[in-house]
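Report on the following structure.
The values are calculated or read from the model by the stated rules, or taken from the named source; none is laboratory data. Fair warning: this is a prediction, and the values are worked out from it, not measured in the lab. A quick note on method: Cβ atoms are made from the backbone with ideal geometry, for glycine too, and the neighbour counts reach across all protein chains shown. Note: areas computed on protein heavy atoms with side chains; ligands, DNA, RNA excluded. Shrake-Rupley method; radii C 1.70, N 1.55, O 1.52, S 1.80 Å.
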Amino acid sequence: MTAWLMIGALAVTTALIKAFGPVLVGGRVLPPTAMKVIALLPPVLLAALVVTSTLSEGQRLHVDASAAGVAVAAVMIWRRLPLLVVVLTAIAVTAALRALT
Amino acid sequence: MSESFRRGLRAGVPFSFVGFLLAMSFGVLAVQAGFSALQAIVMSAVVHAGSAQFAATAILGAGGGVVPSVLAGSLMNARFLAMGIAVAPSLGGGPGRRALQGQTVVDPSWALANNGDGSFDRHLMMGATVPQYAGWVSGTVAGAFLGDVAGDPGRFGLDVVFPVFFLALLAAELRDPRSRGVALAGALIALALVPFTPPGVPVLVAGTAALVGLAR
């Protein structure tokens, strides 16, 4: 029961969070300076997501086998290999390191 | 069906495969945390936000209670506030339609739809979300039924999928040299905040690095 309650509540908050900007800002044309800030949001948010999902667990910073997997993936992405190949290699590297240590 | 919606569908396919893998590890972990297979699958269908689902199920599974788990999941989603504001001027129709279009904001679609000048291709974004939604729900089904036999997904290295997924999206952004310094700043802000704030907050606050755009 508590699980269903959590699922329902999280679905509602997620929908509200996603609706907030589109409804509030609406179709207004934003000033050019605002557009310049917005243009920089994708690299900033994605970079933050990469480092936090690699190097943190909860509120703890840590480096483990997955960091090596991400490093290998970075080289492969730079060499423009297909995404699925990159992901499967990163999984293999991480799993192999964990099996060995 | 517009041309850019079709382009979105195609662009979303590789991410849907990766999403399938991520959702599979979510399904496994959710069942191991005490959720039923049906609950895991419904959650993916109605929430469709990976990091929020991982955070919320882990907390509830550990006995953390409904409110903390919904709060943690919502904080993981806080970045969608910034993404929603960014995409808002590029959406169409009245508030209701905009709110609905805003539901299709998921990280890859939002990044793929980015035109680089502050505007977004909304048709491409909505198209890209379609295959990803299918991959997300079907991956959860697979994981939920594997759950009891799979063991720890971390042992198989599945936890690396998340960062690699974001890294592939980031790489496309970094082709523009003007993005590089600000991306580094965002990464450093986020890492510095990790020990001091609940998960999810560092990414949202890192968004303030984009304010250097005011000086350009």
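Dipole magnitude of segment B:3-161 about its Cα centre, charges +1 at Lys/Arg Cβ and -1 at Asp/Glu Cβ only, in debye to the nearest 20? Write out the running numbers ahead of the final one.
Working: 8 positive and 7 negative charges, 77 e Å.
Around 360 debye, computed over segment B:3-161.
Stokes-Einstein D for chain B at 37 °C, 0.692 mPa s, Kirkwood Rh over Cα pairs, in µm²/s?
In µm²/s, the coefficient is 181.
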- prompt: How big is chain A by Rg and Dmax over its Cα atoms, in Å?
  reply: 19.3, 56
task: Do me a favour and compute the ellipsoid semi-axes for segment B:136-198 from its Cα gyration tensor, root of five times each eigenvalue, largest one first, whole Å.
output: 32, 17, 9
message: How many Å² of accessible surface get buried when A and B come together, counting both sides, probe radius 1.4 Å, rounded to the nearest 100?
response: 6700
query: B:Asp159: accessible area at probe 1.4 Å, nearest 10 Å²?
result: 70
task: For the protein assembly as shown, take the alpha-carbon Rg, divide it by the Kirkwood Rh, and send me Rg/Rh.
output: 0.94
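If you roll a 1.4 Å probe over the heavy atoms of the protein chains, what accessible area per residue do you get for the protein assembly as shown, in Å²? Write down the numbers at each step before the final one.
Numbers: 13350 Å² over 317 residues.
It amounts to 42 Å² per residue over the protein assembly as shown.
Using a 1.4 Å probe over the heavy atoms of the protein chains, calculate the carbon and sulfur portion of the accessible area of segment B:3-161 as a whole percent. Can you show the working numbers first?
Working: 3930 of 5700 Å².
For segment B:3-161, the apolar C and S fraction of the accessible surface comes to 69 percent.
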query: What dipole magnitude, in Debye to the nearest 20, does chain A give about its Cα centre under +1 on Lys/Arg Cβ and -1 on Asp/Glu Cβ?
result: 280
task: Please work out the Cα center distance from segment A:26-97 to segment B:26-78, rounded to the nearest Å.
output: 22
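Calculate, in nm to one decimal, what A:Val75 and A:Thr101 gain on full extension: separation in residues at 0.36 nm each, minus their alpha carbon distance. If you can, show how the numbers build up before the last one.
Details: separation 26, 0.36 × 26 = 9.36 nm, distance 2.33 nm.
Using 0.36 nm per residue and subtracting the Cα-Cα distance, I get 7.0 nm.
At 222 nm, what value in deg cm²/dmol follows for chain B if DSSP H runs of at least 4 each add -39500 (n - 2.57) and the sum is divided by all its residues, to the nearest 500? Provide the component values of the computation, followed by the final result.
Numbers: 11 runs with 150 residues, N = 216.
When only DSSP H runs of four or more count, the value is -22500 deg cm²/dmol.
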task: May I have the extent of the alpha carbons of segment B:84-136 along their three principal axes, as whole Å values ordered from largest to smallest?
output: 29, 26, 15
- prompt: How big is the accessible area of A:Ile38 in square angstrom, nearest 10, if you roll a 1.4 angstrom probe over the protein chains?
  reply: 10
task: Mind listing, in residue-number order, the residues in segment A:12-35 that have at least 50 Å² less accessible area with every protein chain present than in their own chain alone (1.4 Å probe)?
output: A:Thr14, A:Ile17, A:Lys18, A:Pro22, A:Met35
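Please give the length that would be gained between B:Thr197 and B:Leu100 if that part of the chain were fully extended, namely 0.36 nm times their separation in residues minus their C-alpha to C-alpha distance (nm, one decimal). Before the final figure, lay out each step's value.
Numbers: separation 97, 0.36 × 97 = 34.92 nm, distance 3.09 nm.
Roughly 31.8 nm would be gained on extension.
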- prompt: If you put +1 on each Lys and Arg Cβ and -1 on each Asp and Glu Cβ, how big is the dipole of the protein assembly as shown around its Cα centre, in Debye rounded to 20?
  reply: 760
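Taking N as the number of residues in segment B:176-216, what is its Cα Rg relative to 2.2 N^0.38 Å? Kindly include the intermediate steps, with their values, before the conclusion.
Details: Rg = 10.8 Å, N = 41, 2.2 N^0.38 = 9.0 Å.
Output field value: 1.20.
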Positive minus negative residues near B:Leu91 (Lys, Arg vs Asp, Glu; Cβ under 15 Å): +4
task: For chain B, build the charge dipole from Cβ charges (+1 Lys, Arg; -1 Asp, Glu) around the Cα centre, then report which of B:Ala78, B:Pro131, B:Gly96 sits farthest towards its positive end.
output: B:Gly96
- request: With the full set of protein chains in place, find how many percent of the accessible area of segment B:176-216 is carbon and sulfur; take the probe as 1.4 Å.
  value: 77
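Grab the other residues whose beta carbon is less than 13 angstrom from that of B:Ala33, score K and R as +1, D and E as -1, and report the net. Working shown, then result.
Numbers: positive: none; negative: B:Asp148, B:Asp152.
Charge balance near B:Ala33 sits at -2.
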statement: Once normalised by the length of chain B, the mean sequence separation of its alpha carbon contacts under 8 Å that are 6 or more apart gives a contact order in percent of 34
message: Could you report the accessible area of B:Arg7 in Å², rounded to 10, computed with a 1.4 Å probe on the protein chains as they sit in the structure?
response: 110
